[in-house]
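Right, one structure below, let's go through it.
The values are calculated or read from the model by the stated rules, or taken from the named source; none is laboratory data. A quick note: this is a predicted structure, and the numbers were derived from the prediction, not measured. Glycine gets a Cβ as well: all are built from the backbone with ideal geometry, and neighbour counts include every protein chain shown. Accessible surface is based on the protein model in full, side chains and every heavy atom, while ligands, DNA and RNA are left aside. Shrake-Rupley method; radii C 1.70, N 1.55, O 1.52, S 1.80 Å.
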Amino acid sequence: ACTGIENIDEAITLLEQNNWDLVAAINGVIPQENGILQSEYGVETLHGPAFGSHSAAASSAPSSSSAFRHVVPSRQIVERQPRMLDFRVEYRDRNVDVVLEDSSAVGDIKHILENELQIPASKMLLKGWKTGDVDDSTVLKSLHLPKNNSLYVLTPDLPPPSSSHSGALQESLNQNFMLIVTHREVQREYNLNFSGSSTIQEVKRNVYDLTSIPVRHQLWEGWPPSATDDSMTLAASGVTFPCHRLTVGRRSSPVQTREQSEEQCTDVHMVSDSDGDDFEDATEFGVDDGEMFGVASSALRKSPMMPENAENEGDALLQFTAEFSSRYGDCHPVYFIGSLEAAFQEAFYGKARDRKLLAIYLHHDESVLTNVFCSQMLCAESIVSYLSQNFITWAWDMTKEANRARFLTMCTRHFGSVVAQTIRTQKTDQFPLFLIIMGKRSSNEVLNVIQGNTTVDELMMRLMAAMEIFSAQQQEDIKDEDEREARENVKREQDEAYRISLEADRAKREAQEREMAEQFRLEQIRKEQEEEREAIRLSLEQSLPPEPKEESTESVSKLRIRTPSGEFFERRFLASSKLQVVFDFVASKGYPWEEYKLLGTFPRRDVTQLDPNKSLQEVKLYPQETLFLEAKE
């Protein structure tokens, strides 16, 4: 009534974007000079003359006709409430959402943040204003702000937080959480693994794929109180690590009486100028297609191609294939059994030479073209053969509303809202549809949407045209892949050669280090031996008896000893001295008797072989003798 939006899917999308806040959703799309009144009980648009006699019903019965009646926004509304402004304020690793009237001041934002962040308002610097810095008394209306705004808080006077919290959060982001989700209606548990960086919204979308409960209809139990925003990561949401239990069910729709349903049906036909496509979700408001027209539609339908609430897409495709074969025979395209994501993996993410186009067949039992298209074109041998050679074929049944909504959600996620809107606007008689999808580097491109009113030749021509585009792209991909593999091979060879070079250098360096260590060890041994020898020499030198004088009255023996180098040294000994004294004297000069032998000249004899305890006179080294040293072998 306020916005002129009649498409229910568009309305639901706007409500989801505004977290199901009706006032925020309406204020976000109507012109800014128009407003919407907000009363104690909800939304009021009662005072404009355009509502006529239905104004009273608008506040008392939300399901009455005035809730859907298109009313042009009027300046005759008696009172205009201030605009509501949304602020997302970032502070360090936190985001705080603030909603205020435009009549509030900047200081009011700080007071709200003071409670949320536990930071004194006087310590905050609120930045991010498009018009420059403002003070706390500035009124928001004077800044002419858009509805959604992003700000950030600086606290230069406060010390930075310790890194322990951010480190713990980063560690949690890298952890894997197991969510045990119980589907309340069927009493079935799902064990789902998610990384800590996954968002709550991603969890809900995955649960939608498992339970067929749209995100907007999911009713959850078990989320921590801190999990207030679906954009939060699991690590920041406060779920228990490593395992957390949740329960999900379908949100119940309000039950309406038959009189309310009849009144609503009447109002829908009164306000709708289209053929009813805009109210394709009317079952959510308690209106069934069969009841609308007073006909039991189940009596006119065949066995469904696909169950309405299949737990996974693979099971749904198995039934689809079996039912298709029973209706149109065994000569038909080989449908891929699995989820749409798995079909993408099979078609687009292998090696470039193995990639194929993806063909999505959208079936609709209520279209007059379906039987002809399936039996005469889709099951033609030429089409079946061409599809099996060049395409991965995936199918979905759009007859049931739940399946239609589920596919549109998948379509939006994978192809974008433009393609989803194109399919959403297709009328029933334009089905079945054949979508030709080509995988690209960064996105998936819809090359062609083929409607059911075609011929075998035209279908084949369009498939071949798509194949030509794909082949050109595939050749580029193959070339790029070959060049990339060649670069990677060169890099691997270079890395291997570098590794071998490093190994050789390391082995050479280790050998040099071992050689140096051995030389150092031998040098140490040599030094120790020399030091030991020098100590022995000094000890022997000190232990020698004093050399007798020439004028001594005792018998003296004078010995002259020749070294291997040709040098001579002489010394006098008492004739009564033991031969060991001579050996000690020679050793004190650096020639230990263990290494050298002392030889007499005439007669030639080895003195070291004599008894060292005998005197010099007894071994005939008296009164003088010339000896020479010779190294032992």
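Consider the range 94-109. How many of its residues are part of a helix (DSSP H, G or I) and either aromatic (Phe, Trp, Tyr) or open to solvent by 20 Å² or more (accessible area, probe 1.4 Å) (or both)?
Qualifying residue count for the region: 1.
Of all residues in the range 127-143 being touching a strand residue (DSSP E or B) at 6+ places or on another chain (Cβ under 7 Å) and either in a loop (DSSP other than H, G, I, E, B) or at pLDDT 85 or above (or both), which is surrounded by the fewest Cβ atoms within 10 Å (Cβ to Cβ)?
So, considering only residues that are touching a strand residue (DSSP E or B) at 6+ places or on another chain (Cβ under 7 Å) and either in a loop (DSSP other than H, G, I, E, B) or at pLDDT 85 or above (or both), the one surrounded by the fewest Cβ atoms within 10 Å (Cβ to Cβ) is SER137.
For the range 518-525, check the following and say yes or no: at least one residue is part of a loop (DSSP other than H, G, I, E, B) and open to solvent by 40 Å² or more (accessible area, probe 1.4 Å).
Looking for residues that are part of a loop (DSSP other than H, G, I, E, B) and open to solvent by 40 Å² or more (accessible area, probe 1.4 Å), one finds none in the range 518-525, hence no.
Please enumerate the residues belonging to the range 328-341 that are over 19 Å from SER388 (Cβ atoms) and surrounded by fewer than 17 Cβ atoms within 10 Å (Cβ to Cβ).
GLU341
The conditions are (1) at pLDDT 90 or above; (2) assigned to a helix (DSSP H, G or I); (3) of a type in the set (Ser, Thr, Tyr), and SER375 fails exactly one of them. Which is it?
That leaves (1) as the condition not met.
Within the range 112-126, which residues are touching a helix residue (DSSP H, G or I) at 6+ places or on another chain (Cβ under 6 Å) and open to solvent by 80 Å² or more (accessible area, probe 1.4 Å)?
none
Scan the range 392-409 for residues that are open to solvent by 10 Å² or more (accessible area, probe 1.4 Å) and assigned to a strand (DSSP E or B) and jot them down.
ILE392
Go through the range 560-583 residue by residue and tally those that are among the hydroxyl-bearing types (Ser, Thr, Tyr) and either under 11 Å from PRO545 (Cβ atoms) or outside the structural domain of GLU595 (by the TED database) (or both).
2
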